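The values are calculated or read from the model by the stated rules, or taken from the named source; none is laboratory data. In this text the structure is predicted, and so the values were computed from the model without any measurement. Quick reminder, even Gly has a Cβ in these numbers, built from the backbone with ideal geometry, and neighbours come from all protein chains shown.
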């Protein structure tokens with residue numbers, strides 16, 4: 001039982017880890033990451049198209065990342081170039097991606113609900129744990145937060161990201177191009193979050209309408225819970241994934257009404273944020289579009 005829960009925790013945590021890493025990067029640069037859900041869904045659809053028409057999971061992965069980068073550029077264009085309200089822009093992008101994926105799903109596959117089966121990592125006939133550990137995205141997902149922590153805290157680019165997220169005016173006075181750094185952070189955020197969508201599509205071997213199912217918002221909660229620090233956010237992702245895995249196991253016992261069991265991950269998210277959000281200090285320039 002414990003082994004099953006731990007394996008499920010790893011599988012569930014991977015999309016959270018990718019999305020939260022994108023959220024940390026963008027928010028440390030001062031851009032609200034409410035568009036993570038859209039980035040993930042766009043990445044999942046891009047991966048499905050690429051894998052379907054090429055027959056290769058690797059091509060699907062590249063297409064999914066490309067879709068996330070493109071959506072990140074759209075978000076950066078709205079928030080950085082034109083100074084749009086970042087919350088409104090994030091919600092609008094999420095809604096746009098939901099509608100666009102549904103339209104192109106019908107256009108490409110003749111269905112508004114799901115795609116045909118596609119190739120993925122590990123093969124459809126591979127058994128549980130072997131399929132999970134054979135998926136390179138699992139190892140990339142587990143490594144993404146430590147790598148991001150190094151980039152943000154130990155590199156020149158990371159220093160600039162933190163500077164424009166805290167004091168953009170001071171950074172600009174020292175010759176840092178605030179808009180350029182924010183563009184880079186938001187576009188990279190789109191690519192990272194899209195990897196979470198790629199995991200979902202290639203692991204499930206198909207795309208289904210709105211398959212991200214709110215994971216982008218839980219990842220954003222993990223960013224806040226982790227106080228905008230990559231490793232802390234990664235731990236939060238694992239905690240939320242464990243709660244979801246526990247929910248799946250409890251639901252199978254029928255000991256508790258399923259409606260209450262389904263609420264477990266979201267209740268944990270609310271409890272965690274209620275206890276910490278008041279004491280967490282976001283980047284000082286988060287949500288400000290000037291610079």
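Summary of computed values
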quantity	calculated
Residue match in the stretch 31-47 (condition: free of Cβ contacts under 8 Å to residues at least 12 places away in the same chain, farther than 16 Å from residue 217 by Cα and either in contact with a helix residue (DSSP H, G or I) (Cβ under 6 Å, 6 or more places away or on another chain) or assigned to a helix (DSSP H, G or I) (or both))	no
Residue 207 crowded, with 17+ Cβ neighbours inside 10 Å, farther than 19 Å from residue 33 by Cβ and touching a strand residue (DSSP E or B) at 6+ places or on another chain (Cβ under 8 Å)	yes
Subset of the stretch 271-291 that is exposed (fewer than 13 other Cβ atoms within 10 Å of the Cβ) and part of a helix (DSSP H, G or I) - its residue that is modelled with the highest pLDDT	271
Out of 82, 104, sole residue that is surrounded by fewer than 24 Cβ atoms within 10 Å (Cβ to Cβ), more than 20 Å from residue 17 (Cα to Cα), more than 16 Å from the chain's Cα centre (by Cα) and touching a residue at least 24 places away in the same chain (Cβ under 8 Å)	104
The stretch 229-250, subset more than 16 Å from the chain's Cα centre (by Cα) and in contact (Cβ under 8 Å) with a residue 40 or more places away in the chain, residue surrounded by the fewest Cβ atoms within 10 Å (Cβ to Cβ)	249
Flag for residue 29 being closer than 23 Å to residue 179 by Cβ and modelled with pLDDT of 95 or more	yes
Residue in the stretch 56-65 that is nearest to residue 180 (Cα to Cα), counting only those that are surrounded by 16 or more Cβ atoms within 10 Å (Cβ to Cβ) and touching a residue at least 40 places away in the same chain (Cβ under 8 Å)	65
Top-ranked residue in the stretch 154-202 [being more than 24 Å from residue 34 (Cβ to Cβ) and in contact (Cβ under 8 Å) with a residue 40 or more places away in the chain; ranked as surrounded by the fewest Cβ atoms within 10 Å (Cβ to Cβ)]	169
